[in-house]
1. Can you find a residue in region 54-77 that is among the hydrophobic types (A, V, I, L, M, F, W, C), touching a Leu at 6+ places or on another chain (Cβ under 9 Å), modelled with pLDDT of 85 or more and under 14 Å from A120 (Cβ atoms)?
2. Restricting to region 473-530, what's the tally of residues that are of a type in the set (K, R), crowded, with 19+ Cβ neighbours inside 10 Å and more than 21 Å from M582 (Cβ to Cβ)?
3. If you scan region 557-585, which residues turn out to be hydroxyl-bearing (S, T, Y) and either assigned to a helix (DSSP H, G or I) or in the same structural domain as F502 (by TED's automatic domain parsing) (or both)?
4. All but one of (1) of a type in the set (D, E, K, R); (2) in contact with a helix residue (DSSP H, G or I) (Cβ under 6 Å, 6 or more places away or on another chain); (3) closer than 23 Å to G559 by Cβ hold for R436, so report the exception by its number.
5. Is it fair to say G146 is among the small types (G, A, S) and at positive phi?
6. Among the residues of region 484-532, count how many are over 35 Å from the mean Cα position of the chain (by Cα) and on the phi < 0 side of the Ramachandran plot.
7. Output the residue which, of all residues in region 29-56 that are farther than 26 Å from A176 by Cα and in contact with a Phe, Trp or Tyr (Cβ under 7 Å, 6 or more places away or on another chain), is surrounded by the most Cβ atoms within 10 Å (Cβ to Cβ).
8. Is it true that some residue in region 249-265 is within 24 Å of N315 (Cα to Cα), assigned to a loop (DSSP other than H, G, I, E, B) and out of contact with any Lys or Arg (no Cβ under 6 Å at 6 or more places or on another chain)?
Amino acid sequence: MSNYDINAIESLSFKEGVQRRIQMYLGSSTTEGLWQGLKEIINNSTDEALAGYGNKIIITVKEKDQEFSVRDYGRSVPFGFRENGENVLVSIFSKAHTGGKFDHKAYAQSVGTNGIGSSATCLSATYFQVESYRDGTAAIARFENGDNVSYKEIKTQEPTGTYIFYSPSKEVFKDAEEPLTYQRICDEVKNISYLNSGVKFIVINKDTNEEKEYYSKNGISDFILDKVNSPLMKKPILCSKTDETDEVEVALIWTKDKEQFYCFVNGGYCNDGGTPITGAKTSITNTLKRLIGKEIEPELFRKGLCYVINCKVANPSFEGQTKNRINNSNLRSLASQAVKEGLEQFGNSNEFKTISDMIIVAQKAERAAERERQKVLNADKEVEKELKKKSIMSSKLKDCRVHDSNSVLYITEGDSALGSFTLSRDSNYIAAMPIRGKIINALKNPLDEVLDNEEVKDIAKACGCGILDKVNVNKLRYGKICFAADADPDGYSIVCLLLTLFYCLMPELIRAGKVYWAQFPLYEVSVNGKRIFAYDDDELAPILRQYPNAHVDRNKGLGEMSPDSFADAAFGPNARLIQFSMEDAVAARNILETLLGKRNEERTKFIFDNVDFSVVDGE
C-alpha cells in the first residue's frame, strides 16, 4: 500500500493543470475538446465583432496536420511590457484569468469571461503562435508545449487585427479517435454566423483549397429556417425583450418534426440551455393555454416546435468552463416576457388557428393512446390474475405439466389439428392451443380492436410474458412458441398473420429466438413400408424419380394425418422447426401490408408480377 502523507501532496502549475487535466478546461480530451479549443479562439474574434470591430473572420484548416488558424480584423490583442516587466501578450495566452473582459470597459458583452479559454488552447498545443497587428507593428509570440519560446515586435503593413495558428497536442488530446474535420468546423461556424449577423466568416481547407463563406443578414430568423424541415408556418415568430444591461431575442416556428431548441449567449452555443429555455417553456404553456382555452399537457404545446433564443449578456454566469448552460436568473423573465408578447401577437393571425387545431388534435390522439395503454395494462393484469388462479383457458389450451426451456406451445390451425396434437404429444412438455381460421390482422386493424380480440387475449394469456412495452421474455411460460398450420396457401397465410401479430405485440420473443414455424409435409410417400415426407413439389420430384412406383398421399390438413404420421412429422427426429428472425417478421409484415393493407398500387403490381394468368380458369 502506498503512503499518503505530506509527500503525496502536489501543486500543479496552470500549464501542468491544463496538460494533465484538459477536461477541466476544454471539457474533453476527445475530438469535442479539439473543437472546444478552436471555438475559444473563434469566440475571441466574435467578441470583437459583437463589440463592433471587424466584420470578417478567416479560419483555415489543415486536416492532415491538424493545424488551425483564425484571422480577425478587430482591435487586435494588446501587447507591450508593464512597468514590472511583464509581457502582456505572453501573459494573456499563458496565465489564468488574464484578459480584458472582466470590467466590461473593453467589452459590453462577450462569450469569454474567465480569461481561461484561449490560454487553455495555447497550453494544450504542440505549437501555438499569436500575431497581433496594431499601428503598423506586429507583436509575435510563439509557444511550444505550453512554453513561450520567442517574442518579437516588427514593423508590418498588415491590417489591424489578430492572427493565431496552432496545432493541438496529441498527448493532451489522447482520447481523440478522429481528427477535427473541415466539415465539422464548417457546420459549427455556420451556426456562429447566424448569431453575428453582418459578419462574414470564411473557412478554408488548406489541404484542398476548398473555401466556404457564411454570412447571415437576418440572424436567428435565418438560423431557424435553415434548421427546420416541413414548417407549418410561412415565417417564424420573432420577439425580443431587454432590460438595462441584457437582451433576449427569440424565434419560434411549428413544424411536422419533433421539438427542438437552441440557446446562444453572446454568440456561443449552450447546448443544455439554461434559465432562458426554462422561461420560454413556461411562457409557451401559460400563454397558449390561455389563448386556446383548453387544458392541454405542456409538452403538446411544444409538439413540433423549434425555438431559438439568442442572449446578449453583460455578465454571463455559466455552468462550467465549457459554457453548456447559462444560469443568469434575469434571462428567465426576459425570455418569458418576450415569448408571451410574441405569442399574443401571433394569436391574432390566420396561422394561429392551424397551430391551435394541430395542438387540439394532438391532445385527442394522446388521450386515445392513453386509453390503449390502459387496455394493455388491464390485459397484463388479467393475465397475471389468471396465472395466479392456474386456470388459463382450460377449455382451449391443452397445457403441459412442466414449464421450462424444453417445453413448447404449439398454436394450431383448428380443433382437428388440436386433436392430433393431443393424441401424439408428450403431455409433460408439449402444450397446444387452437385458433379458428385466420387470426386478426394486427397491421390492418386498430390496436384497440386487436387487443379486444378473444384469440389474441388467449395467446397473450398462454404466453404469460406481457405485451407491447410490458413484454418480459424471462416470464415466457414455454421454451418455444411454434406455429402449426396446414401445408397450403391458407396455412402459410395463417403463419404469416401469427408472425406479424407477435412482431407487433411481442417482438422481444422473436429477437430472443423463441418463435418457430413447425412445418408439416404436403406429401407422404410410402416405399417398401418406409415413410418419406416431402414438404413441397420440389422435394417430391426427386423422390419419385428414385422410387417411380411409390405410393403418394397428399395431406389435406393436419387433422387428416394418421396419428403415427403426425407424431413422426411433429415430434420425430426429422421434425422441421424453423426459427424466425426479425428479418422474417419484417418480410411477413411487408407481404401483409401489400396484399391485405391499403397499398393498392403495390398490390396490383405484386399480383401482375407473381401470378401466371395463363393457368387461371375463366372465360
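The values are calculated or read from the model by the stated rules, or taken from the named source; none is laboratory data. Not measured: the values here are computed from a predicted model. A quick note on method: Cβ atoms are made from the backbone with ideal geometry, for glycine too, and the neighbour counts reach across all protein chains shown.
1. Checked against the condition, which is being among the hydrophobic types (A, V, I, L, M, F, W, C), touching a Leu at 6+ places or on another chain (Cβ under 9 Å), modelled with pLDDT of 85 or more and under 14 Å from A120 (Cβ atoms), region 54-77 yields no hits at all.
2. 1
3. S565, S581, listed by residue number.
4. Of the numbered conditions (1) of a type in the set (D, E, K, R); (2) in contact with a helix residue (DSSP H, G or I) (Cβ under 6 Å, 6 or more places away or on another chain); (3) closer than 23 Å to G559 by Cβ, the odd one out for R436 is (2).
5. yes
6. Selection size over region 484-532: 24.
7. D47
8. no
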